[in-house]
1. Of all the stretches in the chain, which is the longest one without any exposed loop site, taking GluC sites (Glu not before Pro) in a DSSP loop (any state but H, G, I, E, B) with at most 12 other Cβ atoms within 10 Å?
2. Take a quick pass over the chain and tell me how many lysine pairs come in under 24 angstrom between Cα atoms, counting only ones 8 or more apart or on separate chains.
3. Would you kindly state how much longer the chain becomes between ARG68 and GLU131 on full extension, computed as 0.36 nm times their sequence separation minus their alpha carbon distance, in nm to one decimal?
4. Just going by the charge dipole of the chain, with Lys and Arg at +1 and Asp and Glu at -1 on Cβ, which of ALA107, PRO97, VAL275 is farthest out on the positive end?
5. Counting only other residues whose beta carbon sits under 13 Å from that of ALA248, what net charge do I get with K and R as +1, D and E as -1?
6. Tell me which of TRP40, ALA130, ALA220 sits at the most positive position along the dipole axis of the chain, charges placed on C-beta atoms (Lys, Arg +1; Asp, Glu -1).
7. If neighbour count is taken as other Cβ atoms inside 10 Å, put VAL252, VAL223 in order from fewest to most.
8. If you keep only loop residues by DSSP, which trypsin sites (Lys or Arg not before Pro) in the stretch 147-176 have at most 16 other Cβ atoms within 10 Å of their Cβ?
Amino acid sequence: MAPAQVVILGGGFGGLAAAHRLRDRLGEAAAITLVDRRDWFMMGLRILWTIAGRAARAGGTRSLATLRRRGIRFVQDQVAGIDLERKAVVTAGGTLPYDALVVGLGAELRPDLIPGYRPEGSNLYDPEQAEAIAARVASITEGRVGIGILGLPYKCPPAPYEAAFLIDDVLRARGVRGRVELEVFTPQPSSLPVAGPAACAAVEGRLADRAIAFLPGRKAVAVEGTEVVFERDRRAYDLLIGVPPHRAPTPVKTSGLATGEWVRLADLAICETAVPGVFAVGDVTEVPLANGMMLPKAGVFAEAQGRAAADAIADRLAQPGPGDRFDGVGYCFVEMGEEMATAVRGRFLATPEPLIEIAEPSARTLEEKRAFEATRLEAWL
Ligand SMILES: Cc1cc2nc3c(=O)[nH]c(=O)nc-3n(C[C@H](O)[C@H](O)[C@H](O)COP(=O)(O)OP(=O)(O)OC[C@H]3O[C@@H](n4cnc5c(N)ncnc54)[C@H](O)[C@@H]3O)c2cc1C
């Protein structure tokens, strides 16, 4: 009998976790194909270290082609569509039939949705722009630097604040901090609403300690020259480091898998969509919490969802085993500058609201964050 075809779209946290779990569980019983338009993987946290001049992107970048040595077929191609009727993925180069499908295409960055915003060399979430931002942070001598959250939802909610703390470190080390104003703006009412009041107090307290201005409730509607236009006022920046609006990738929307902007899961524990045999993991999904907020988009959740989807597929294609189920338990490291980090850990699916704990910042937690990257790169690629 021909092996079952399992196709994974996206070689990010979710897709890589799913691919490896499927390979481990299914052996020769399935052909596993992972498709990504890029031939490399790098974690977003490397962008922050690159901007701060602490590490280079290359040190955290791995080739997806190495998956082939692990028995996972890697196809570098653009996914153009998903034909749910015919059970086939349409790529720029051809068609890939599947018996089971894992969609882990992440979120697309859409700076074009803010009129006038053209972030050449200042998009905080684009790995290709990290060196340009680092160069600007390393050369600015006076003026105002703004780190702006330009749309909701956005992935890794603490990342803009981490960027602020790390840039603060760089400007202090350069001796120019007294002449460079630094601030963060967000449309949200507080820094990390989903993490609760204690986490917000920790982040906002640290911003205040470091003289980094915090501007909540600022919804950017346009950029005009050096000014960001908010609903009620406007502000000029010498350097605007932005987090552009996020949207679901086009093939996900055109396939009909997304009911609104994002994919809602019919069975959250195994990350199966309303279409049997089609699973969605990571940033492309939207998971409502008991308090009406949404699960943060984060690699740690994408990874857990990838494993849960893979176990459900393996249960069906081979024999049921003691598989993972997605339970919304996760954590996020938050770098606070001065070589320290804290960790926000939570049971996000708890009722009536998520149960979250935040640790005191420490050098040890920053070490844990470094290990978070190293262990996954080692295991996956
Ligand atoms: C600055 C920064 C710091 C972060 N820090 C952390 C952190 O410390 N901890 C944490 O848990 N999370 C962190 N994150 C968030 C994390 O990166 C994402 O939540 C995570 O990558 C989501 O995983 P995913 O598998 O859903 O999507 P992704 O990792 O984004 O992978 C999606 C893949 O799909 C591919 N793709 C998309 N569209 C197509 C297409 N049409 N055709 C072919 N391929 C396509 C992309 O090339 C990409 O490789 C950070 C993010 C940023 C930007």
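1. On the way: sites that count: GLU85, GLU120, GLU142, GLU231.
It works out to 232-381.
2. 8
3. Numbers: separation 63, 0.36 × 63 = 22.68 nm, distance 3.03 nm.
Full-extension gain reported as 19.7 nm.
4. PRO97
5. Values: positive: ARG110, LYS155, ARG247, LYS253, ARG264, LYS297; negative: GLU108, GLU261, ASP283, GLU286.
Local net charge: +2.
6. Most positive-ward Cα: TRP40.
7. Fewest-to-most ranking of VAL252, VAL223: VAL223, VAL252.
8. ARG174
Read-outs throughout are calculated quantities, based only on the coordinates presented, and are distinct from any laboratory measurement. Fair warning: this is a prediction, and the values are worked out from it, not measured in the lab. Cβ atoms come from the backbone with ideal geometry, glycine included; neighbour counts cover every protein chain shown.
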